[in-house]
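Working notes, structure below.
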Amino acid sequence: MKEIKVNALSPYSVIVTSTNSQLNFWLEHKKLNRLFVITDDNVDLLYGDYFNSIKSKIIGKYVLKAGEESKKIETVLDIYRCLLKHNIDRKCTILAFGGGVVGDIAGFVASTFKRGTNLVYIPTTLIAQTDSSVGGKNGFNLDGIKNVIGTFYQPSLVYVDVNLLKTLDADNFKNGMAEVIKYGFALDDNLFRYIEQNKRAILEREIDKLKYIVAECIKLKAAVVEKDELDLGERHILNFGHTIGHALETISDFKIMHGEAVALGMVYESYIALKRNLIDQDLLERLIKILKYFDLQTTADIENYNDFKQAILKDKKNVDSLLKIVLPVGLGRAIITTDVKVDTIIQNMKELSRR
């Protein structure tokens, strides 16, 4: 078991373990005794008995349909009504048990219902364990724009049980590996080398390897969040691959999974960096090689670049009509810049796709 402390304005602990046997201890430690669980139908089917040891603490449950289509205002309103029906008050705790969609929706609900309740994350996917459950971001999609409505709201506790990854389907596992690779390539050269050197064991989901990469990603994210909790500047470094990736998600009507889109975004953004002599060809090839090893696409078939252009211009990170993009400047290092025009991005994307 490893405890990682996130020193946000409201500090909290992230527990990285491979069992649920310590969950009750940490809930008691945080004095969280009345829980309302929000999960999805896939997780509920697989892990309906996960909370058997703490049944007495659970006072209600809401099960949403798995998938990005649930990230909408109608889901939020339905959960509010369910909370009212169960007489949930501000001393209760919303427990998000699932992947990124469950976490985003539950986090938003916890931050807004009766002006805020306690919040606990138990992330069940690799992408949620390494990324979305830490940092306080939440939200939902509106009119095809990803996470355009949301708040910053830190949890009371994040309990990461990597054993839950054993039953994760292959698509969701590779989806999460894209974010893990992002952390190494943009922030930590040692992590990237570890992934390269242990790729087979990671792919086979050896528990010790999973615990290591999950804990390292959480440490990296916590360090960035502590410097820029409200995502006003430095935290944008975590968006490597996301500027292009989010636009690709949008024009696919979210048929492309988030991690797959980020993988594509990392390749295209790295190619832009190559064209600017910020990285060399060998480094780009290393990125492409490791992404392909985990069965992630490295080029996209874009039918309508005008739709792509409109989607990228609506990115919520843009400020004063300036497009923010993260470019690597070496292994484990990246910069945030507004010095890349959208037409240049499209030109470079077309060029790389023809190679």
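Within region 90-104, one or more residues are of a type in the set (S, T, N, Q), touching a strand residue (DSSP E or B) at 6+ places or on another chain (Cβ under 8 Å) and either surrounded by fewer than 13 Cβ atoms within 10 Å (Cβ to Cβ) or not in a loop (DSSP other than H, G, I, E, B) (or both).
If you go through region 87-104 and keep only what is without any contact (Cβ under 8 Å) to a residue 12 or more places away in the chain and within 14 Å of Ser133 (Cα to Cα), you end up with nothing. Within region 141-174, being open to solvent by less than 10 Å² (accessible area, probe 1.4 Å) and farther than 20 Å from Leu32 by Cβ holds for Val162, Leu165, Phe173. Could you figure out which of (1) under 27 Å from Leu126 (Cα atoms); (2) assigned to a helix (DSSP H, G or I) isn't true of Ala300? It is condition (2) that Ala300 fails. Within region 48-77, residues that are closer than 22 Å to Ile256 by Cα and modelled with pLDDT of 95 or more reach partners that are open to solvent by 50 Å² or more (accessible area, probe 1.4 Å) and not β-branched (Val, Ile, Thr) with beta carbons closer than 8 Å, at six or more positions or on different chains, in the pairs Leu64/Asp41; Lys65/Asp41; Ala66/Asp41; Ala66/Asn42; Lys72/Leu142; Ile73/Leu142. Checking each residue in region 62-89 for being under 23 Å from the mean Cα position of the chain (by Cα), of a type in the set (D, E, K, R) and not in a helix (DSSP H, G or I) picks out Lys65, Lys71, Lys72. Against the conditions (1) among the acidic types (Asp, Glu); (2) part of a helix (DSSP H, G or I); (3) open to solvent by 60 Å² or more (accessible area, probe 1.4 Å), where does Asp49 fall short? Just the number, please. Only one criterion in (1) among the acidic types (Asp, Glu); (2) part of a helix (DSSP H, G or I); (3) open to solvent by 60 Å² or more (accessible area, probe 1.4 Å) is unmet by Asp49, namely (2).
Okay, residues lined up against (1) open to solvent by 20 Å² or more (accessible area, probe 1.4 Å); (2) polar (S, T, N, Q); (3) assigned to a loop (DSSP other than H, G, I, E, B):
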{"site": "Lys5", "(1), (2), (3)": "yes, no, no"}
{"site": "Leu9", "(1), (2), (3)": "yes, no, yes"}
{"site": "Ser21", "(1), (2), (3)": "yes, yes, yes"}
{"site": "Trp26", "(1), (2), (3)": "no, no, no"}
{"site": "Leu32", "(1), (2), (3)": "no, no, yes"}
{"site": "Ile38", "(1), (2), (3)": "no, no, no"}
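Scanning region 257-264 for residues that are at pLDDT 95 or above and closer than 19 Å to Ile4 by Cβ turns up nothing. Can you tell me which residue within region 223-263, out of those that are surrounded by fewer than 19 Cβ atoms within 10 Å (Cβ to Cβ) and small (Gly, Ala, Ser), is farthest from Tyr183 (Cα to Cα)? Result: Ser252.
Against the condition aromatic (Phe, Trp, Tyr) and touching a Leu at 6+ places or on another chain (Cβ under 8 Å), how does Phe254 come out, does it pass? Answer is no for this residue. Per the listing Ile272, Ile290, Ile279, the residue uniquely in a loop (DSSP other than H, G, I, E, B) and out of contact with any Cys (no Cβ under 9 Å at 6 or more places or on another chain) is Ile279. Report whether or not Ala178 is within 20 Å of Asn198 (Cα to Cα), crowded, with 24+ Cβ neighbours inside 10 Å and among the aliphatic types (A, V, I, L, M). Judged against the criteria, Ala178 is a match.
The values are calculated or read from the model by the stated rules, or taken from the named source; none is laboratory data. Note that the structure is a prediction, hence the values are computed from the model and not measured. In this analysis, Cβ positions are derived from the backbone assuming ideal geometry, glycine residues included, and neighbour counts consider all displayed protein chains. Just the protein is used for accessible areas: all its heavy atoms, side chains included, with ligands, DNA and RNA removed. Shrake-Rupley method; radii C 1.70, N 1.55, O 1.52, S 1.80 Å.
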